[in-house]
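Single-structure report; data block below.
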Amino acid sequence: MLERLGKMLGGKQEDTTSTTFDDKGVIPHHIAVIMDGNGRWAKKRNLPRIAGHHQGMKTVKEIVRAADAIGVGILTMYAFSTENWKRPKDEVDYLMKLPQEFLATELKELMERNVRISMIGSREELPEHTLKALLEAEQKTKNNTGLQLNFALNYGGRVEIVKAMKEIADLVKAGELKPEQIDEELISSHLYTREIPDPDLLIRTSGEIRVSNFMLWQLAYTEFWFTDVFWPDFKREHFYQAIADYQRRARRYGAV
Ligand code: FPP
């Protein structure tokens, strides 16, 4: 099956040469995605920005299926940043309704696919209805053993690191930890991602070449892949193209 999926690649990306990923090669275990370009996609069509987000939600479904089909272990999707609260209220309200809308229609299929849902980010500021939908999905899917689908919601990489530093400082202050015991592993264990390995591949759509406060600690050795395609236009072929490019890179982690 993997061979067939590998052959489905479109090869429309201008920044790549290969049209197929190697189905016997390494599939990145953890893929993080910055889903960007919803607003511009909508503007191009004279539609309100929220129409772009709605279409973006459909892309989430497509990419979850694509990831599941080839055995990706973890997919982390940047759905709302700590900075996104600055957007117009109607847009924020809409974005906060999306998890419910997505889960209402998709949870059945996600269960069938053995997908485990989780959320990273600060839960405190989220509206009750958003949090409730996510907690229910986490609860219902907690024993699933397939793809782990993480939504980064009200997530900020710097806020996450500040939170970890405060927790560690409190432990030192209480005499439960010595400063010399602070190491990378300890810091990682105080992040939202404490139970999951760092991303192997980061995908960002829409032509922006930056990380925008996403997984600042965790991206230390991640391979980055950018495309000009807006998120609502991003298809399975683009996703597999990113994997094909990833497979051609040599990861050295600072060694030679
Ligand atoms: C960035 O594009 C996108 C977001 C801030 C929202 C991303 C959310 C989704 C794709 C839907 C998530 C779905 C679920 C199920 C939670 P932008 O609006 O900044 O685009 P622009 O840069 O073109 O304006």
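The values are calculated or read from the model by the stated rules, or taken from the named source; none is laboratory data. These figures come from a predicted structure and were not determined experimentally. Counting neighbours? That spans all protein chains shown, and the Cβs are built from the backbone with ideal geometry, glycine included.
Structure above, values below:
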item	result
Qualifying residue in the stretch 109-123 (condition: under 23 Å from Leu147 (Cα atoms) and without any contact (Cβ under 8 Å) to a residue 12 or more places away in the chain)	yes
Residues of the stretch 27-58 that turn out to be more than 11 Å from the ligand (Cβ to nearest atom) and within 17 Å of Ala104 (Cα to Cα), as a count	0
Gly157, sole failed condition from (1) touching a Phe, Trp or Tyr at 6+ places or on another chain (Cβ under 7 Å); (2) free of Cβ contacts under 8 Å to residues at least 24 places away in the same chain	(2)
Scope the stretch 170-186; condition within 20 Å of Phe214 (Cβ to Cβ) and surrounded by 15 or more Cβ atoms within 10 Å (Cβ to Cβ); matching residues	none
Residue in the stretch 217-237 that is touching a His at 6+ places or on another chain (Cβ under 7 Å) and either surrounded by fewer than 17 Cβ atoms within 10 Å (Cβ to Cβ) or on the phi < 0 side of the Ramachandran plot (or both) present	yes
Test for Lys61: is it surrounded by fewer than 17 Cβ atoms within 10 Å (Cβ to Cβ) and either without any contact (Cβ under 8 Å) to a residue 24 or more places away in the chain or more than 9 Å from the ligand (Cβ to nearest atom) (or both)	no
Any hit, the stretch 91-102, residues being within 12 Å of the ligand (Cβ to nearest atom), of a type in the set (Ser, Thr, Tyr) and closer than 30 Å to Gln247 by Cα	no
Residues within the stretch 103-116 that are closer than 17 Å to Met35 by Cβ and more than 10 Å from the ligand (Cβ to nearest atom), tallied	0
Candidates Asp22, Asp15 - the one that is in contact with a Gly (Cβ under 8 Å, 6 or more places away or on another chain), at pLDDT below 95 and not hydroxyl-bearing (Ser, Thr, Tyr)	Asp22
